[in-house]
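The next block holds one structure in the form of structure tokens; read it before the comments.
The values are calculated or read from the model by the stated rules, or taken from the named source; none is laboratory data. Keep in mind it's a predicted model, so treat the numbers as computed, not measured. Positions of Cβ are generated from backbone atoms using ideal geometry, with glycine treated the same way; all protein chains shown enter the neighbour counts. Surface accessibility is based on the protein's heavy atoms, side chains included, excluding ligands, DNA and RNA. Shrake-Rupley method; radii C 1.70, N 1.55, O 1.52, S 1.80 Å.
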Amino acid sequence: MDNFNNIDEKTAREKNGWVMLFVTVLVLLASLAMFVVGIIAGTNTAGLPEDLGAIIIGGIVGLIVTVFLIKGFKLLQPNEAYVFTLFGKYYGTLKHDGFFWVNPFCSAVNPARITMGLARKLSLKAMTLNNEKQKVNDEEGNPIEISVVVIWRITNTARAVFNVENYAAYISTQCDAAIRQVARQYPYDVSSNGDEKSLRGSAQEVADILKGEIQSRVDMAGIEILEARISHLAYSPEIAAAMLQRQQASAIIAARQKIVEGAVSMVQMALTKLSEENIVELDDERKAQMVSNLLVVLCGNRDAQPVVNSGSIY
């Protein structure tokens with residue numbers, strides 16, 4: 001791993017493309033002129049054969065040099081780069097946009113050009129990776145389906161090309177591994193021990209940890225992670241129905257607790273008001289019956305139906 005990190009990016013030696021284009025045109029014109037002079041000399045009886053051969057050879061050499069010079073021209077758009085090797089050795093990287101000329105013997109390298117549909121150029125733009133959903137286990141062992149969206153870009157072209165076989169496939173694999181690592185650290189929802197951190201409830205914290213986990217894995221490939229967020233999170237189909245029932249039961253219990261707390265408070269307030277205002281004197285038995293009636297009315301699922309008692313309650 002340390003040997004990989006020793007590959008540092010360096011700038012390739014280049015020349016201004018317009019200047020070299022002017023030189024190439026001059027060489028081409030000189031070569032054509034030699035051919036014209038050779039033809040004229042060949043039709044002139046006074047021309048010497050050895051002079052004619054030298055002129056023709058000069059024209060051929062000029063054309064070869066022209067083809068050689070044309071191979072060195074490179075054009076770069078903004079946020080694009082060329083990584084060059086010269087006879088198997090890293091020659092340098094060309095990253096700034098413009099029209100350039102480099103050594104024609106240099107070869108441009110891009111290991112991801114097949115899978116990403118790229119030419120020999122490397123894209124330095126921010127790119128999005130949307131991995132397929134995968135089934136993992138959360139902290140409590142529940143199977144869940146999760147996928148992430150990762151925004152990334154290449155910052156070190158030398159590491160991206162030479163440290164890994166294919167940087168596009170490499171970051172995809174490392175994202176899968178990072179998702180499994182992070183998902184095992186948190187439950188899907190708030191755990192029973194009262195921990196507030198969960199995959200569903202702590203989205204920002206999980207995203208920051210996921211970003212750091214992926215970044216530590218792709219540093220050797222010269223890749224910077226700009227953002228990583230969970231795009232899909234759900235229980236696996238085999239337990240989804242059971243988990244939904246558990247969530248509904250938890251919600252019902254929580255709601256009932258609130259209702260009971262409110263009902264007890266209201267009963268206490270009613271008894272206190274009746275006693276303070278001296279509206280009616282109630283013995284313990286009547287207080288118990290009133291409390292029972294009020295709790296039934298306040299905690300019931302349906303509207304209470306009043307019953308008029310025209311006689312004594314005894």
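Restricting attention to the range 144-165, the residues that are open to solvent by 30 Å² or more (accessible area, probe 1.4 Å) and over 30 Å from L75 (Cα atoms) add up to 2. Just name the residue that is modelled with the highest pLDDT out of those in the range 242-266 that are open to solvent by less than 60 Å² (accessible area, probe 1.4 Å) and closer than 18 Å to M290 by Cα. Looking at the filtered set, the residue picked out is G262. For the range 206-234, the set of residues classified as open to solvent by 10 Å² or more (accessible area, probe 1.4 Å), over 20 Å from I146 (Cα atoms) and part of a helix (DSSP H, G or I) consists of S216, D219, M220, listed by residue number.
Residues in the range 166-187 that are over 30 Å from N79 (Cβ atoms) and among the acidic types (D, E): 0 in all.
Let's see how each residue does on (1) at pLDDT 85 or above; (2) under 30 Å from R217 (Cβ atoms); (3) not in a loop (DSSP other than H, G, I, E, B):
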residue	(1), (2), (3)
D8	no, yes, no
W18	yes, no, yes
L21	yes, no, yes
T24	yes, no, yes
L28	yes, no, yes
S31	no, no, yes
M34	no, no, yes
G38	no, no, yes
A46	no, no, no
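Condition check ((1) touching a Pro at 6+ places or on another chain (Cβ under 6 Å); (2) surrounded by 14 or more Cβ atoms within 10 Å (Cβ to Cβ); (3) more than 25 Å from I7 (Cα to Cα)) across all residues:
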position	(1), (2), (3)
V65	no, yes, yes
I70	no, yes, yes
P78	no, no, no
Y82	no, yes, no
Y90	no, yes, no
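S192 satisfies every condition listed in (1) exposed (fewer than 14 other Cβ atoms within 10 Å of the Cβ); (2) at pLDDT 90 or above except (2). The set of residues in the range 112-142 that are open to solvent by less than 30 Å² (accessible area, probe 1.4 Å) and modelled with pLDDT under 85 comprises A112, N131, Q134, V136, D138, N142. Of the listed requirements (1) surrounded by fewer than 14 Cβ atoms within 10 Å (Cβ to Cβ); (2) modelled with pLDDT of 90 or more; (3) within 15 Å of V148 (Cβ to Cβ), A203 misses just one: (2).
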